[in-house]
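Structure, as structure tokens:
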Amino acid sequence: QVQLVESGGGLVQAGGSLRVSCAASGRTYSAYAMGWFRQAPGKEREFVAAITWSGDNTYYLDSVKGRFTISRDNAENTVYLQMNSLKPEDTAVYYCAAHYGTFAGVLDVEYDYWGQGTQVTVSS
């Protein structure tokens, strides 16, 4: 079992930045690939970014490339999503997720564990 707890969400103006964090506990965190997803009101949950267990490879939703950066600190059992140049359309609940294995992709069904989410609101 892995427990995931997100933090760092909040309200920010368009063009601003936020960093959301996801702290993991339980089984060996470094054995998990990690991902970030988001869900806006009235919309389905969508993939945002993923990182391999080693941190060597990262993947992004096209609309966030160049603005968001996913990273991880295995010593601290934490994954981060740095969000810059935020837009109102980035407003959503952001969830982190863990997949037991080297790599996980863009489908939420690939992930084994989920956090409770943290709200990010970008005002125009």
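The values are calculated or read from the model by the stated rules, or taken from the named source; none is laboratory data. As the structure is a computational prediction, the values presented were derived from the model and not from experiment. Virtual Cβ from ideal backbone geometry, glycine too; neighbours counted across all protein chains shown. Just so you know, the surface numbers come from the protein's heavy atoms only, side chains and all, with ligands and any DNA or RNA stripped out. Shrake-Rupley method; radii C 1.70, N 1.55, O 1.52, S 1.80 Å.
Can you give me the Cα centroid spacing of segment 33-57 and segment 78-101 in angstrom?
A separation of 6 Å, based on Cα centres.
Give me the three principal axis extents of the chain from the C-alpha atoms, as integers in angstrom, largest value leading.
Between the extreme Cα coordinates on each principal axis of the chain lie 41, 27, 23 Å.
Can you give the accessible area of LYS43 in Å² (nearest 10), computed on protein heavy atoms with a 1.4 Å probe?
About 140 Å², rounded to the nearest 10.
Return one whole number: the accessible area per residue of the chain in Å², for a 1.4 Å probe.
Averaged over the residues of the chain, the accessible area is 49 Å².
Have a look at LEU61, LEU81, LEU18 and tell me which one the Gaussian network model of the chain (Cα, springs below 10 Å) gives the largest fluctuation.
Maximum fluctuation in the GNM of the chain, among the listed residues, is at LEU61.
7 Å from Cα along Cα→Cβ at both LYS65 and GLN13: what's the point-to-point distance in nm?
3.0
Could you calculate, for segment 80-124, the ratio of the Cα radius of gyration to the Kirkwood radius, expressed as Rg to Rh?
1.04
Could you tell me the relative contact order of segment 45-124? Use alpha-carbon pairs under 8 Å, at least six residues apart, and round to a whole percent.
Relative contact order here is 29 percent.
Pulled fully out, how much extra length does the chain show between PHE103 and THR121, if you take 0.36 nm times their separation in residues and subtract their Cα-Cα distance?
3.6 nm
Only four residue types carry charge here, +1 at the Cβ of Lys and Arg and -1 at the Cβ of Asp and Glu. Report the dipole size of the chain about the Cα centre in Debye, rounded to the nearest 20.
With only Lys, Arg, Asp and Glu charged at Cβ, the dipole is about 220 debye.
Taking GluC sites (Glu not before Pro) that fall in a DSSP loop and have at most 13 other Cβ atoms within 10 Å as cut points, what is the longest piece of the chain between them?
77-124
With a 1.4 Å probe and every protein chain kept in, tell me what percent of the accessible surface of the chain is carbon plus sulfur.
Carbon and sulfur atoms account for 48 percent of the accessible area of the chain.
Name the most mobile residue of ASP56, ASP90, ASP108, meaning the one with the largest mean-square fluctuation, in a Gaussian network model of the chain with Cα contacts below 10 Å.
ASP56
Within a Cβ distance under 10 Å of CYS22, other residues only, what is the Lys/Arg minus Asp/Glu net charge?
Net local charge, CYS22 excluded: 0.
With point charges of +1 on the Cβ of Lys and Arg and -1 on the Cβ of Asp and Glu, referenced to the Cα centre of segment 15-124, which listed residue (SER21, ALA75, PRO88) lies farthest in the positive direction of the dipole?
Positive-most Cα among the choices belongs to PRO88.
Hey, in the GNM for the chain with a 10 angstrom Cα cutoff, which one of GLY66, GLY101, GLY55 fluctuates hardest?
Looking only at GLY66, GLY101, GLY55, the largest GNM fluctuation is found for GLY66.
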